[in-house]
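Heads up: the structure comes next, in structure tokens.
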């Protein structure tokens, strides 16, 4: 949440597709109003993990960008000083952001742990 798998954890295959060099299926959640993890880095992650991912890893490392969510909305309580000083003003309430994030997490875990049908909506990103 509010972070991405770093560039050193992926490589490009001979056919041009992305390979994630990480052993644990990982859901990446970002916000378009995140002042610390910029949306451009989340968009880069989206490209490599959703659109350009090799077939064998499809749906194991999804990235979702939530419209209007700031960095602080991935947490609760008083944000640390750095977050308070650098974050952007969100367009959604903290409680709505928490609902959006928790639903995505449940859908991802349902897919990975129980093997249920993929239900994550990454298209809105």
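Could you give the angle, 0 to 90 degrees to the nearest 10, between helix 94-114's Cα long axis and the longest principal axis of the Cα atoms of the chain? That works out to roughly 20 degrees.
Over the chain, all Cα pairs binned in 5 Å intervals from 0 give whole-percent P(r) values of 2, 11, 21, 22, 19, 13, 8, 3, 1, 0, listed from short to long. A Förster distance of 25 Å, applied to the separation of the beta-carbon atoms of residue 47 and residue 78, puts the FRET efficiency at 0.15.
Restricting the calculation to alpha carbons of segment 1-68 gives Rg and Dmax of 11.6, 37 angstrom. What is the distance in Å between the Cα centres of segment 47-83 and segment 92-118? Comparing the Cα centres of segment 47-83 and segment 92-118, I get a distance of 12 Å.
The antiparallel fraction among DSSP beta bridges confined to the chain stands at about 40%.
Read-outs: derived from the displayed coordinates by stated rules, not from any lab. Since the model is a prediction, treat every value here as computed from it, not as a measurement. With ideal geometry, Cβ positions are generated from the backbone for all residues, glycine too; neighbour counts draw on all protein chains shown.
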